[in-house]
Amino acid sequence: MATASFNMQSVFAGGLTTRKINTNKLFFAGNFPNLKRNYPVGVRCMAGEEPMKEESAPSTSAAQPLPKSPLPPPPPTKPKVSTKFSDLLAFSGPAPERINGRLAMVGFVAALAVELSKGENVFAQISDGGVSWFLGTTAILTLASLVPLFKGITAESKSDGFMTSDAELWNGRFAMLGLVALAFTEFVKGGTLV
């Protein structure tokens, strides 16, 4: 291994002199077979804090031990989560989609349960006192969702196993689509879905 390293060093260190290139002989219009390159290429590695001294002739001594490499940098720290109200409820913030998804999941299941038990469609449920239930549920779920975010705890940090934060987002998205599809289907049909 040391012999191969020494041979590579001697090959690269052999021709570190610079020569002037005659650019009149270079053709860049596609005549590449006539392009002859007889110019030595020098490669020098300047690893470490001190530059290595250039040797005129390769030495016959054994390979010198390399200096110890510095310790790798520490892993990057996670950026601190903002707890400002405007950042949490921004369009791309962590709160809006989670809160809307949680409300849609509760609303979809509740709408289907009332429809199965009483036989009322979504619009009849809203007109028969559903607005007060909606506002109460909205206030409770919004506060319950914002309290951990104000403490700097994200849903991603608490998710593991089967119920992950991504699964909650996808379930919320499907529940939002399901609630809109349920209301639209009942409106077009003119009655309950089930």
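Summary of computed values
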| read-out | value |
| --- | --- |
| Any hit, the stretch 100-111, residues being farther than 24 Å from Glu168 by Cβ and either of a type in the set (Val, Ile, Thr) or surrounded by fewer than 16 Cβ atoms within 10 Å (Cβ to Cβ) (or both) | no |
| Considering residues of the stretch 87-97 that are open to solvent by 30 Å² or more (accessible area, probe 1.4 Å) and in a helix (DSSP H, G or I) only, the residue nearest to Gly152 (Cα to Cα) | Asp87 |
| The stretch 183-194, subset in contact with a helix residue (DSSP H, G or I) (Cβ under 6 Å, 6 or more places away or on another chain) and part of a helix (DSSP H, G or I), residue most open to solvent (accessible area, probe 1.4 Å) | Ala183 |
| Among the residues listed as Lys84, Lys118, Lys151, Lys158, the single one being among the basic types (Lys, Arg), in contact (Cβ under 8 Å) with a residue 40 or more places away in the chain and open to solvent by 70 Å² or more (accessible area, probe 1.4 Å) | Lys151 |
| From the options Val114, Val147, Val106, residue that is of a type in the set (A, V, I, L, M), in contact with an Asp or Glu (Cβ under 8 Å, 6 or more places away or on another chain) and part of a helix (DSSP H, G or I) | Val114 |
| Tally, over the stretch 161-180, of residues that are of a type in the set (Asp, Glu) and open to solvent by 70 Å² or more (accessible area, probe 1.4 Å) | 1 |
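The values are calculated or read from the model by the stated rules, or taken from the named source; none is laboratory data. On a predicted model such as this, the values are computed, not experimentally measured, just so you know. As a convention, Cβ positions derive from the backbone with ideal geometry for all residues, glycine included, and neighbour counts pool all protein chains shown. Surface areas here come from the heavy atoms of the whole protein model, side chains and all, with no ligands, DNA or RNA. Shrake-Rupley method; radii C 1.70, N 1.55, O 1.52, S 1.80 Å.
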